[in-house]
Amino acid sequence: QVQLVESGGGLVQPGGSLRLSCAASRSILIVGVTAWYRQAPGKERELVVSLTSGGNTNYADSVKGRFTISRDSAKNTLYLQMNNLKPEDTAVYYCNAEGVLIGGIPLNAWGRGTQVTVSS
């Protein structure tokens, strides 16, 4: 069962912007840490940014000042606003969240990813 679904990726020129969305299914309530990861071809998956339930953020140095994570609790959705994109941002982007299923079962959920390509 897939609990998280990413969308909003695509092809953009350097300096452009994209807004990624991560929609949680009705089977899971996001209650803990949320995050965005990315993985480029031949590279390990890396943390882009994390967001705690208390609002604390931790951005990778490579994206500070350009990317912004946010969450809409009412919609059970996570977002990543990406500005001033660079070719090195090209990767598959994944969302990740700590949550609970109905009945209180804890779960660390992952989406299947959305492709972001930054190229002239």
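For a paramagnetic label modelled on ARG19 (point 7 Å from Cα along Cα→Cβ), amide N atoms under 19 Å away belong, within the range 97-120, to 114-117.
Only Lys, Arg, Asp and Glu carry charge here, each on its Cβ (+1 for the first two, -1 for the last two); on that basis the range 1-109 has a dipole of about 180 debye about its Cα centre. Measuring nothing but protein heavy atoms, the accessible surface of the chain at 1.4 Å probe radius is 50 percent carbon and sulfur.
Could you rank VAL33, VAL118 by how accessible they are, 1.4 Å probe, largest area first?
Values: VAL33 55, VAL118 5 Å².
Highest to lowest solvent-accessible surface, that is VAL33, VAL118.
Under 5 Å between amide hydrogens, built in the peptide plane, is the criterion, and for VAL33 it picks out SER53, GLU98 among residues at least 5 positions away or on other chains.
The values are calculated or read from the model by the stated rules, or taken from the named source; none is laboratory data. Values in this document were obtained by computation on a predicted structure and should not be read as measured data. Because the Cβ atoms are built from the backbone with ideal geometry, glycine has one as well, and the counts that use them run over all protein chains shown. Ligands, DNA and RNA are stripped out before the accessible areas are found, and what is left, the full protein with its side chains, is counted by its heavy atoms. Shrake-Rupley method; radii C 1.70, N 1.55, O 1.52, S 1.80 Å.
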